[in-house]
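Novice: One structure is given below, represented as C-alpha cells, and several questions about it will come after.
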Amino acid sequence: MKGIIYFGAIAVIFAFALGDVFATKPGDEFQSNRLVLAGDAAPIDEKIMDTDIKRSGMNEMNKFLSMSMMRTEMEACKDLSSTKICKKLKKKGKCDSEAAKKNCKKTCDHCDDEEEEQEECCCEAALYKYSYPGVVPLGEGDVVWTTNFWARQFKIEFDIQVTKELSDTYHNVFHMTIGEDGAQYGDRIPGVWVNKGKYFLIDSAVSGKLNHGKFINYQLNQTYHIEIKQEENSNGEIIYRIVVDGTTVHEVVNTLPQRFEKVILYTSNPWSPSFASFGELKNLNIVNLDKFPA
C-alpha cells in the first residue's frame, strides 16, 4: 500500500510539473533570460529557486550557459584581419598557413576546425608579448600575432642585416597596426621599412601624427641591434625613443600616447614588398609594458 501511495504521489507531482512546463509562455522564458543577461543582482531565495527548477524541468543557468556557448561559437567564426587581406591570402593559396587559420577563419573556411587553438584562455603571457628567436620568417601579408590590448608603454627590439641592394624603394620588415597602413592614428605602432637609399624608416603614432618617422642609415652586411621604446619618465611623460647598438638616435615626448585594441603584427605587411629576399630579421621581441586594464 505504501508503495502504491508513493508512486501515486510521484505521478501527481510529475503531472503538475508537465502542466507548468507546457503552460510556460515564450514571453515568460524570454523575460527570465533577459534578467540574467542584464545582470540583475536581486537576492535569490534558495527555496524559490529549487521550486522553479522543479517546475520548469531545466535549470535556468544551464539554459543561459548553453546560449552563451552558442553565441561564443558563432562569434569565434570571424576574420580577425580585414576581409581584403584574408581574400588576398586565399587567392595566394595560403589558407592552410597558421596565420590564416587564426586570423582568417571565415574567409578561409576554418570555422568548423575541431583542432582550433584556444590560446586566449590558457596563456595570459601571449597577450603581453611576442618573441621569435633566431631568423624570423618574412612573407608579404603574414599575420603572426594579435593582441586585444596594446599599451602606451612598450619595448620592441630586434637584429637586422641588409645583405643586398633592394629592388623597390621601400620594403617592409614588420608592421604593427590596428588595421590599415596609414589611414588613422594607430595604423603604424610601429612599422619598420628598408629603403634602397640605404636607410631604415621607423614610423609610429606619436603626438597626434600618424607617421612620425625616423631615418637610420645602414651599410650592407652589417648587423644592427635596434630598440623602439615608449616608457613613462619620472615626470609622468611618455617618452618615445629609438636606440641603435646602445646609442639613442631619437627621443621625443609623445604628447598623445594611447592604448589600442585589436592590434595585428605583420612580418611583412600586405601593402609593401617584403624585405625577405634582401637580408635577415633576427630575435624579434615585443613586450607590452603596461598592465591590462581592469
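Novice: Could you give the spread of the C-alpha atoms of segment 243-294 along their three principal axes, from largest to smallest, in whole angstroms?
Specialist: Sorted from largest, the Cα extents of segment 243-294 read 42, 31, 21 Å.
Novice: In segment 233-294, which trypsin sites (Lys or Arg not before Pro) are in a loop and have at most 10 other Cβ atoms within 10 Å, using DSSP for the loop call?
Specialist: Taking segment 233-294 and a limit of 10 other Cβ atoms within 10 Å, the loop trypsin sites (Lys or Arg not before Pro) found are Lys291.
Novice: Nothing charged except the Cβ atoms of Lys and Arg (+1) and of Asp and Glu (-1): what's the magnitude of the dipole of segment 78-117 about its Cα centre? Round to the nearest 20 debye.
Specialist: About 600 debye.
Novice: Could you run the Karplus curve 6.51 cos²θ - 1.76 cosθ + 1.60 with θ = phi - 60° over segment 194-205 and give me ³J(HN,Hα) per residue in whole Hz, x for Gly and Pro?
Specialist: These are the phi-based 3J(HN,Hα) values: 10, 10, 5, x, 6, 8, 8, 10, 10, 10, 8, 7 Hz.
Novice: Could I ask something else about it? Under 5 Å between amide H atoms, partner at least 5 residues away or on a different chain: which partners does Ile239 have, H built in plane at 1.01 Å?
Specialist: The list, which skips near neighbours in sequence, is Glu231, Glu232, Asn233, Asn254.
Novice: For a protection proxy built on the mean count of beta-carbon atoms within 10 angstrom, sort 92-105, 143-156 highest first, please.
Specialist: 143-156, 92-105
Novice: So which of Lys209/Lys262; Lys87/Lys164; Lys94/Lys282 end up more than 26 Å apart by C-alpha?
Specialist: Lys87/Lys164
Novice: Each residue of segment 177-183 in turn: what ³J(HN,Hα) in whole Hz from Karplus with 6.51, -1.76, 1.60 and θ = phi - 60°, glycine and Pro shown as x?
Specialist: So the J values, rounded to whole Hz, are 8, 8, x, 10, 8, x, 8.
Novice: Mind listing P(r) for segment 136-286? All alpha-carbon pairs, 10 Å bins, whole percents.
Specialist: Taking all Cα pairs of segment 136-286, the binned fractions are 12, 44, 35, 8, 0 percent.
Novice: Relative to a virtual label point 7 Å from the Cα of Leu289 in the Cα→beta-carbon direction, which members of segment 201-229 show backbone nitrogen distances below 20 Å?
Specialist: From segment 201-229, the list is 202-209, 212-214, 225-229.
Every number in this text was worked out from the coordinates using simple rules, so none of it is lab data. Given the structure is predicted, the values throughout are model-derived calculations rather than measurements. Cβ coordinates were reconstructed from backbone atoms using ideal geometry, including for glycine residues, and neighbour counts include every protein chain displayed.
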